[in-house]
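Below you'll find the structure, written out as structure tokens, and then a few comments.
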Amino acid sequence: MVPVAIGIPAQAAAAVQPPADVTESAEVAVSLTINGRLHTLSLDPRTTLLDLLREHLDLTGTKKGCDQGQCGACTILIGGRRINSCLTFAAMYDGAQITTIEGLAANGTLHPLQQAFIDHDAFQCGYCTSGQICSAVGLIAEDRAKNADQIRELMSGNICRCGAYTNIVAAIKQVMGRS
Amino acid sequence: MINFQYARADDVADAVRLIGRNPNAKFIAGGTNLIDLMKMDVERPTTVIDITRLPLEQVEGMPGGGLRVGALVRNTDLAYHPLVEQHYPVLASAIMSGASQQLRNMASTGGNLLQRTRCHYFYDTATGCNKREPGSGCSAVGGHNRMNAILGTSDTCIAVHPSDMCVAMAILEAKVHVSGASGDRVIAFADFHRLPGETPQRDTNLNAGEIVTAVELPPQGFAKNYTYLKIRDRLSYAFALVSVAVGLELDGDIIKEGRFALGGVAHKPWRDPKAEAALRGQPANAATFARAADVLLRDAKGYGRNTFKIELARRGIARALTQAARGTPQSQSSKKVI
């Protein structure tokens, strides 16, 4: 499909040919379990997990920040491990178990990390927060961070433009102390 | 990003067969570099072959010592593997100094070897770059080259290889196992990555249609006297300006065997046999370390904005050799350099 550009006469627009190396890509069948619910979809192979969540499934809690793996706003959990959903093709994760920020609360009760972020005022604008919380869930599951230095290092993939880092570390420490 | 056909390989033979069909096909594993480059239109594969289902996810001890690391072992799984932590701590440390935990959870061992440079001009399709488009010129020479190379450069390219993992693998003298249509072969680590020369578009000596299947680590892991010192613009989640991997074997105060390699300074992890010869049989002290650094940097050349790297490398080498000799390797969480 060639988009018709505004301001270009119809004949000229129709004459625009895609480059020779652009082919129509076949859609790919994908089944994913997201927050416990099975989704079966047919997708353009270019669809990232991030765009699938936000644009196809209306799960907009996962945020698009840089869209190139540098900010961590799109962090989700696959099989319990934290990853950047912007740097994935959804087709590669056929059969995967995915958890997003929407899947953390259970029966109307916030996940302990969600509550800890509120307790410690660990955000200002909140844009990075869902990625921070998913990343922290992964961090605690990894069981490698034992002190504040290690929390900071292993959370460095989540950038907070407001600079709420001190309170983010405090929130994570609170939950680590309990588990 | 241009459209592409998605294909999934079932085993290594299937992957080799699929890539042989289309010269514009690319394998994808972690995707942390390829997808980024596809979004920027730097990489434009017309077929993407998903190799994540291949059975290459094992880390296996080898008879007589040594380790065989499957090409799909994720960076975190490699760094946290008990045999790596115990016998190859320099490799664990180097891996943990790179990227973020999210990226390390995705990135594969083979993909880390094959990642492309982060030179600004390689990414910027509005500028000339001989690596991206042969013959279009090098915009980094005379441009914003703070992150670029000081060793092994050519007039056509001053890009650096961005990996930390590979710098440690260079001193461990890893071997890269590959498969292709004409069979399997093993490439010594020093021969895997290339210098830019007149063909900067070729990062490695992997042939078209070949796939990396494993990396083999020889038994010598330098688990007692090692370090990975990475110097960068911020303390975490940044590429190296200069990094130094060191492995020493000491007999009292005397260096029996000493290896060191630099990251962030060349088109490949930079090792120099002459510089290592300057360590062998010498006392492990500041004078020896300074001499070895001078030898390694004898042909270093700055390009203006990156000229500071020569002195930074000199001091980084001395510091890293000191850390290794003392048995006090650089911590990757406490950032204090001692």
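The values are calculated or read from the model by the stated rules, or taken from the named source; none is laboratory data. All figures in this text were calculated on a predicted structure; none of them were measured in a lab. Backbone-built Cβ (ideal geometry, glycine too); neighbour counts: all protein chains shown. The protein model used for the area step is the full one, side chains on, heavy atoms only, and it has no ligands, DNA or RNA in it. Shrake-Rupley method; radii C 1.70, N 1.55, O 1.52, S 1.80 Å.
General observations
- P(r) tail fraction, region B:134-271 - alpha-carbon pairs more than 18 Å apart, %: 61 percent
- Tally of Lys pairs whose C-alpha atoms are under 14 Å apart, taken over chain B, 8 or more apart or cross-chain: 5
- Computed over region A:35-77, the convex hull of the alpha-carbon atoms projects to a mean area of 3.4 nm².
- Both radii were evaluated on the Cα set of region A:45-179; the Rg over Rh quotient, with Rh as the Kirkwood radius, amounts to 0.95.
- Residue B:22 paired with residue B:274, simple spin-label distance in nm, labels 7 Å along Cα-to-beta-carbon: 4.7 nm
- Delta accessible area of at least 50 Å² on complex formation, residues of region B:311-333, 1.4 Å probe, chain isolated as reference: B:333
- FRET efficiency, 1/(1 + (r/R0)^6) with R0 25 Å, evaluated for residue B:118 and residue A:141 via beta carbons: 0.25
- Given +1 at the Cβ of Lys and Arg, -1 at the Cβ of Asp and Glu and no other charges, the dipole of region B:61-218 around its Cα centre is 200 debye to the nearest 20.
- Taking GluC sites (Glu not before Pro) in DSSP loop conformation with at most 16 other Cβ atoms inside 10 Å as exposed sites, chain B has its longest uninterrupted site-free stretch at B:199-338.
- Between the beta carbons of residue B:233 and residue A:150, assuming R0 = 30 Å, the FRET efficiency works out to 0.90 to the nearest 0.05.
- With each label modelled as a point 7 angstrom along the Cα→C-beta vector, the residue A:58-residue B:305 pair spans 4.7 nm.
- Normalised alpha carbon radius of gyration of chain B [divisor 2.2 N^0.38 Å]: 0.97
- Accessible surface, region B:207-338, averaged per residue in Å² (probe 1.4 Å): 41 Å²
- Among B:94, B:15, B:277: highest mean-square fluctuation, GNM of chain B, C-alpha pairs under 10 Å: B:277
- Heavy atoms of chains A and B lose about 3500 Å² of accessible surface on contact, summed over both sides with a 1.4 Å probe.
- Reference-scaled alpha-carbon Rg (2.2 N^0.38 Å with N residues) for region B:195-330: 1.13
- 5 Å binning of all Cα-Cα separations within region A:106-174, expressed as whole percents from 0 upward: 3, 18, 32, 27, 14, 5, 1
- Other protein chain C-beta atoms within 10 Å of residue C-beta, averaged over B:23-31: 2.
- P(r) weight above 14 Å for region A:31-107, C-alpha pairs, percent: 56 percent
- For peptide A:148-158, the mean count of partner chain Cβ atoms within 10 Å of a residue's Cβ comes to 6.
- Region B:215-338 - charge dipole about Cα centre, Lys and Arg +1 at Cβ, Asp and Glu -1, debye rounded to 20: 500 debye
- Grouping the Cα pair distances of the protein assembly as shown into 10 Å bins from zero gives a pair-distance distribution of 4, 18, 27, 27, 17, 6, 1, 0, 0 percent in increasing distance order.
- Region B:4-125, Rg to Rh (Cα coordinates; Rh as Kirkwood inverse mean 1/r): 1.01
- Charge sum, other residues only, whose C-beta stays under 11 Å from residue B:17's C-beta, Lys/Arg counted +1 and Asp/Glu -1: -2
- Mean partner shielding of peptide A:80-92, defined as the number of other chain Cβ atoms within 10 Å of each residue Cβ, is 6.
- Value of Rg to Rh for region B:83-130 (Rh from inverse mean 1/r over Cα pairs, i.e. Kirkwood): 1.13
- Rounded to the nearest 20, the Cβ-based charge dipole of chain B about its Cα centre (Lys and Arg +1, Asp and Glu -1) stands at 920 debye.
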